[in-house]
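Heads up: the structure comes next, in structure tokens.
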Amino acid sequence: MTRLGKRTLIGIIFVPILLFIYYLGGLTLQIFVSLLTILGVREFVIILKKKGINIHFIPVLVASLIINWFMYFFNFNNIIFLYIGFCILIISYDIFSNNINQASERAAYSMFILIYIPLLLEFIYLLRQLENGRFLLIFLVILVWITDTGAYFVGVKCGKHSNIFKSSKKKSVEGFIGGFVTAFIFTYIGAILIYQIWNFRFSWNDIFAYTVIVGIFGQVGDLMESILKRDFNIKDFSNLLSEHGGILDRFDSIMTSAPLLYCYFTIIR
């Protein structure tokens, strides 16, 4: 089977499952987010180990899951104090370790993991729990997929300026702009369809927010992931999803879009 065939088959199998989990929300979605956290932390730790940096996997994983479930029970309140506490504990862990080499690298990567993986992923659940969160989350996920596809095809057909984004030689300015335009077009079309079918209205401010967050910051999330992969000299974080890469490869845009969209609907709107 060709690479495109494998990607398509995996998409056909997993997309309906993902959308159903997002539709259900609640505890089912929270357990799913925790599973993503476990797999994401594992991917990151394995890559670090290949680079010669051995962080304390179990303490970081336990702290990550506690962050997940703390946000599940108490929302986003006081999470900064929990995070600071975990950072101190993880750094202090080396006091009792026989290996103090690379202590600063372990501490830095551990603190980064606690923000990048459990904290950002948990906003998938928090966004779903908002009023009309079912529409907000599913619309976001579909829009991210469509934007990524639009950016890819515009980049392939029209991409000429690929030296701007140093993090990824495959990303072109034309592809980035194509992704943004795709985000706007399908946000507008999606808003009309959602109103006609479910009588849920998106304002022009909502359409603008989705366009900017997905069309710009969603793609920035993908570029951020590319920076990490270039630093680690890898193509993907894992082959868990075959041609789609690993969990961190597939959820990079969601991990930057969901927190910003949550902030928009809870603070700005």
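Which residues, counting only those in segment 95-138, are within 25 Å of residue 33 (Cα to Cα) and of a type in the set (Gly, Ala, Ser)? Break it down stepwise before answering.
In the first step, residues of segment 95-138 are kept if they are within 25 Å of residue 33 (Cα to Cα); the result is 106-138.
Result: 107, 108, 110, 133.
So residue 128 fits all but one of (1) farther than 30 Å from residue 195 by Cβ; (2) crowded, with 20+ Cβ neighbours inside 10 Å; what number is the exception?
(1) is the only condition that residue 128 fails.
Right, residue 89: modelled with pLDDT of 85 or more and more than 24 Å from residue 193 (Cα to Cα) or not? Before the answer, list the steps.
Working: modelled with pLDDT of 85 or more: yes; more than 24 Å from residue 193 (Cα to Cα): yes.
Taking the combined requirement at face value, the residue satisfies it.
So which residues in segment 112-149 are charged (D, E, K, R) and not in a helix (DSSP H, G or I)?
Of the residues in segment 112-149, the ones charged (D, E, K, R) are 122, 128, 131, 134, 148.
131 - this is the single residue of segment 112-149 that is charged (D, E, K, R) and not in a helix (DSSP H, G or I).
With respect to the numbered conditions (1) charged (D, E, K, R); (2) crowded, with 19+ Cβ neighbours inside 10 Å; (3) modelled with pLDDT of 85 or more, which one is the sole condition not fulfilled by residue 171?
(3)
Restricted to segment 23-41, and to residues that are free of Cβ contacts under 8 Å to residues at least 12 places away in the same chain and over 16 Å from residue 138 (Cα atoms), which residue is surrounded by the most Cβ atoms within 10 Å (Cβ to Cβ)?
So, considering only residues that are free of Cβ contacts under 8 Å to residues at least 12 places away in the same chain and over 16 Å from residue 138 (Cα atoms), the one surrounded by the most Cβ atoms within 10 Å (Cβ to Cβ) is 31.
Can you tell me which of 14, 20, 44 is over 21 Å from residue 114 (Cβ atoms), in contact (Cβ under 8 Å) with a residue 12 or more places away in the chain and either in contact with a His (Cβ under 7 Å, 6 or more places away or on another chain) or part of a helix (DSSP H, G or I) (or both)? Walk me through how you get there before you give the answer.
Numbers: 20 fails: in contact (Cβ under 8 Å) with a residue 12 or more places away in the chain; 44 fails: over 21 Å from residue 114 (Cβ atoms).
Step by step, each of 14, 20, 44 is checked, and only 14 is over 21 Å from residue 114 (Cβ atoms), in contact (Cβ under 8 Å) with a residue 12 or more places away in the chain and either in contact with a His (Cβ under 7 Å, 6 or more places away or on another chain) or part of a helix (DSSP H, G or I) (or both).
Which residue is farthest from the chain's Cα centre (by Cα), if the candidates are limited to segment 171-201 and must be outside any helix (DSSP H, G or I) and touching a residue at least 12 places away in the same chain (Cβ under 8 Å)?
Taking segment 171-201 as the starting set, the residues that turn out to be outside any helix (DSSP H, G or I) are 171-172, 199-201.
From the residues that got through so far, the ones that are touching a residue at least 12 places away in the same chain (Cβ under 8 Å) too are 171-172, 200.
Values: 171: 18, 172: 21, 200: 26 Å.
Among those residues, the one meeting the criterion is 200.
So, of the residues in segment 233-268 that are under 14 Å from residue 36 (Cα atoms) and aromatic (Phe, Trp, Tyr), which turns out to be surrounded by the most Cβ atoms within 10 Å (Cβ to Cβ)?
At the first step, the residues of segment 233-268 found to be under 14 Å from residue 36 (Cα atoms) are 237-238, 240-241, 245-252, 254-255.
So of that shortlist, the ones also aromatic (Phe, Trp, Tyr) come out as 237, 251.
Working: 237: 24, 251: 22.
So the residue we want is 237.
Those residues that are among the aromatic types (Phe, Trp, Tyr) and crowded, with 21+ Cβ neighbours inside 10 Å, I need them from segment 131-157; list them, please.
Looking only at segment 131-157, we keep the residues that are among the aromatic types (Phe, Trp, Tyr), and these are 135, 139, 145, 152-153.
The one that is among the aromatic types (Phe, Trp, Tyr) and crowded, with 21+ Cβ neighbours inside 10 Å: 139.
Would you mind telling me which numbered condition in (1) in contact (Cβ under 8 Å) with a residue 60 or more places away in the chain; (2) polar (S, T, N, Q); (3) part of a helix (DSSP H, G or I); (4) under 24 Å from residue 18 (Cα atoms) residue 238 fails?
Exception for residue 238: condition (3).
Determine, yes or no, whether residue 111 is touching a residue at least 40 places away in the same chain (Cβ under 8 Å) and either within 30 Å of residue 131 (Cα to Cα) or surrounded by 15 or more Cβ atoms within 10 Å (Cβ to Cβ) (or both).
Working: touching a residue at least 40 places away in the same chain (Cβ under 8 Å): no; either within 30 Å of residue 131 (Cα to Cα) or surrounded by 15 or more Cβ atoms within 10 Å (Cβ to Cβ) (or both): yes.
The answer is no for residue 111.
Among 70, 76, 96, which is the only one that is at pLDDT below 80 and under 20 Å from the mean Cα position of the chain (by Cα)?
Working: 70 fails: at pLDDT below 80; 96 fails: under 20 Å from the mean Cα position of the chain (by Cα).
Only one candidate passes the filter, namely 76.
If you check residue 213 against the conditions, is it in a helix (DSSP H, G or I), among the aliphatic types (A, V, I, L, M) and surrounded by fewer than 16 Cβ atoms within 10 Å (Cβ to Cβ)?
Considered against the rule, which asks whether it is in a helix (DSSP H, G or I), among the aliphatic types (A, V, I, L, M) and surrounded by fewer than 16 Cβ atoms within 10 Å (Cβ to Cβ), residue 213 comes out as no.
Do we have any residue at all in segment 88-96 that's farther than 21 Å from residue 251 by Cβ, outside the structural domain of residue 230 (by TED's automatic domain parsing) and not in a helix (DSSP H, G or I)?
Step one: list which residues in segment 88-96 are farther than 21 Å from residue 251 by Cβ, which gives 88-96.
Narrowing the set further to residues that are outside the structural domain of residue 230 (by TED's automatic domain parsing) leaves 88-96.
With not in a helix (DSSP H, G or I) added as a condition, the list becomes none.
Scanning segment 88-96, I find no residue that is farther than 21 Å from residue 251 by Cβ, outside the structural domain of residue 230 (by TED's automatic domain parsing) and not in a helix (DSSP H, G or I), so the answer is no.
If I go through segment 119-154 residue by residue, how many of them are free of Cβ contacts under 8 Å to residues at least 60 places away in the same chain and of a type in the set (Asp, Glu)?
1
The values are calculated or read from the model by the stated rules, or taken from the named source; none is laboratory data. In this text the structure is predicted, and so the values were computed from the model without any measurement. Heads up, the Cβs are rebuilt from the backbone with ideal geometry, glycines too, and the neighbour counts pull from every protein chain shown.
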